[in-house]
Each structure stands twice: as structure tokens, then as C-alpha cells.
Amino acid sequence: RFFGVAPQERAELEPKAYAAIQKALALDMNLPEAYLARGRMMWTPSNRFPHEKAIREYRRALALNPNSAEARAALAQVYGHIGLLDEAVREGQQAGSILPGAPQPPFQTAFALAAGCQYEQALQLHLGLPQGFNSAVVGSATAGILFRLGRKAEAWAKIEEFLKVDPADTGGNLAGMQALLLADAGQQSKAEEKIRQALEKKAAGHFHHAAYTIACAYARLNKPQQALEWLRQTADTGFPCYPMFACDPALNSLRGDPRFVEWLTAMKKQWEQYKATLGG
């Protein structure tokens, strides 16, 4: 709840979550759900998204229960965020085979496919998700895929559709996506207004997704300094997905900028370290 629904309640809910996990493990050290919960609680902005520690907790949950679809989907989520996309797809698909019909496994699979610029495959999975599931994130992600496929009118329509489901725009993702579409259309002042609206949701757990879309919007506005600042924020706040940075056409205006090239080289080195230590 404090991560994805009510971040303003974090100070109250986080210690309660920690205490419940500790009590569960005191009762049963071999309880896979407790390790799953501990991984989720670790992997938050207040803990600076410690990817390795969260992966360790999820793997421990899976060692105790290999058929935990929830643990596999959670593992897929972290893999996708750090750019281990093959591993994310594998875990997402395995979770889906364990728990057919659940929305989280195909969503995580689609997330990894889109991060690897496999947009058509990701879109088909998104379109199969039930309405109301993770609305602002799914809506903005679907619109982002449509945008990158050149289907901009459909992207706008998708945002409007999901704003009806989540008018509060939890996490600022829909406003961020509106900013990108407006930037692409050359409407700078309107794009920057939407960026300001997105920033009002900065306390959300997954704000790094909106941060990335803001970076893309600035790239489209030919403002490389601001784009790079938001790319750094994206990576530094839990979303260092090198393969996405390397292939996303929304960042093409930055490809010749030596500052972007230097930063992307550093991101690749970090990703290679993740592959060596956490992949497989």
C-alpha cells in the first residue's frame, strides 16, 4: 500500500510491514511468503531500490516454493528494471504458466519486451490485460508503445481511456506520457505544463517511470541537458535499464551528444556487471 497506493502513509505503514515480516519469520523461518514480502519491502525508494538484495529474497522464496507465481513475477519485475530482459521474460512466462489468467505475469513480461524495443509483442500482452489493473502504469505504458509504433492518435486515445479509470493519475505516468506526445508535436509550453503535473506525483514508488518519460519528452524538445538530468534520475532511483536506453527511438536526438554517449557507456558497464552477477 505505501509503495503503490498511498505513499503519503509510508511513515506509518513501513514499520508495521517490517514488524509483520519479522514476526512471520520468527514463527517460521521457512515461510516463502515472508521472504517475498521482505523483498518487496526492501525494493522501495526509501531503501534506494537495492536490486541485489531484493533478488536474493525472491530467490530464497522460490527455493522454498518454486511454484510461487508471485515471487517469480516479483523477480521478473526487478530483472526488467535493471535490464536483464531475457531473465525477466523467462520469469514472467513461468509465473503465467503457474497462475494462468493472473494479470501481473503478462504485465511483467510485456514490460521487459517493451524495454527491449519489442513493441508489437509487448502491445499484444498489454491489450489482453484487464481494465483496472495498475491503471496509470498500464495506460501510460500502452500509450508509450503505441507512440513508438507511430500510432500517435491511438496513444492519445489510450491516455484518455485510462484517465477515466484513474483520474488521479497515480504516479504521474499519464501526465508524463501526455508531455511526451505534446513534445513530439512541438508544443513545448503544453509539454512542460504536463511535466509539472507529473512532478506533483513524485512521492509515488515507481515515479522513475514518469521520470524516464520526462527525459524522453525533453529529448523530443531538443533539450539535451534536461533530458540527461532526468535520465540520470531514472537510473539513480531504481530503473537503470541499459538496453532500453540503448534502443529507444524516443532518445534518438541524444545519440550524437558526447555527454549521453559517456553516460550510456557507464550504464552499459553497470548492466554487464548485473549480467555477470545476477543473470542466468
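The values are calculated or read from the model by the stated rules, or taken from the named source; none is laboratory data. Bear in mind that the values here come from a model prediction, so they are computed numbers and not experimental data. Don't worry about glycine lacking a Cβ; one is built from the backbone with ideal geometry, like all the others, and counts go over all protein chains shown. Note: accessible area is taken over every heavy atom of the protein model, side chains too, but ligands, DNA and RNA are not part of it. Shrake-Rupley method; radii C 1.70, N 1.55, O 1.52, S 1.80 Å.
When the accessible area of the chain is split by element with a 1.4 Å probe, what percent falls to carbon and sulfur? Present the calculation step by step, with values, prior to reporting the outcome.
Numbers: 6620 of 12660 Å².
Accessible surface attributable to carbon and sulfur in the chain totals 52 percent.
Taking square-rooted eigenvalues a ≥ b ≥ c of the alpha carbon gyration tensor, is the stretch 51-99 rounded, prolate or oblate, where a/c under 1.5 means rounded and, failing that, a/b exceeding b/c means prolate?
Working: a/c = 2.47, a/b = 1.13, b/c = 2.18.
Oblate is the answer for the stretch 51-99, as a/c is 1.5 or above yet b/c matches or exceeds a/b.
Shape of the stretch 1-100 from its Cα gyration tensor (a ≥ b ≥ c, root eigenvalues): rounded if a/c is under 1.5, otherwise prolate when a/b > b/c, or oblate? Numbers along the way, then the final one.
On the way: a/c = 1.95, a/b = 1.29, b/c = 1.52.
Note, shape of the stretch 1-100 comes out oblate.
Only helices at least 27 Å long along their own axis, judged from Cα atoms, and with Kyte-Doolittle mean hydropathy of -1.0 or greater: name those in the chain from DSSP H. Numbers along the way, then the final one.
Values: long enough: 258-278 (29 Å, -0.77).
TM-like helix candidates: 258-278.
With a probe of 1.4 Å, find how much accessible area the chain has per residue, and write the answer as a whole number in Å². Write out the running numbers ahead of the final one.
Numbers: 12660 Å² over 280 residues.
Value for the chain: 45 Å² per residue.
At most 15 other Cβ atoms within 10 Å and a DSSP loop assignment: could you name the trypsin sites (Lys or Arg not before Pro) in the stretch 8-116 that fit?
On the way: sites: 10, 16, 23, 38, 40, 48, 53, 56, 59, 60, 72, 90; in loops: 48.
Here the trypsin sites (Lys or Arg not before Pro) that fit, given the DSSP loop and packing criteria, are 48.
Indicate the gyration tensor shape class of the chain (rounded, prolate or oblate), computed on the Cα atoms with a ≥ b ≥ c the square roots of the eigenvalues: a/c under 1.5 is rounded; otherwise a/b larger than b/c is prolate and the rest oblate. It would help to have the intermediate numbers written out before the result.
Working: a/c = 1.62, a/b = 1.51, b/c = 1.08.
Prolate shape, in that a/c is at least 1.5 and a/b is the bigger ratio.
Among 25-37, 140-152, 94-106, 204-216, how do they line up from the highest to the lowest mean number of other beta-carbon atoms within 10 Å? Each step should come with its number before you reach the end.
Values: 25-37: 16.2, 140-152: 22.0, 94-106: 18.0, 204-216: 26.2.
My ranking of the peptides, most packed first, is 204-216, 140-152, 94-106, 25-37.
Per DSSP H run of at least 4 residues, take -39500 (n - 2.57); add these up for the chain, divide by its residues and hand me the 222 nm value, nearest 500 deg cm²/dmol. Before the final figure, lay out the partial values.
Details: 15 runs with 197 residues, N = 280.
Counting only the DSSP helices, I get -22500 deg cm²/dmol.
Beyond 18 Å between alpha-carbons counts as too far, so tell me which of 53/202; 194/223; 190/223 fall in that bin. Working shown, then result.
Details: 53/202 24 Å; 194/223 16 Å; 190/223 15 Å.
Distance filter (> 18 Å) returns 53/202.
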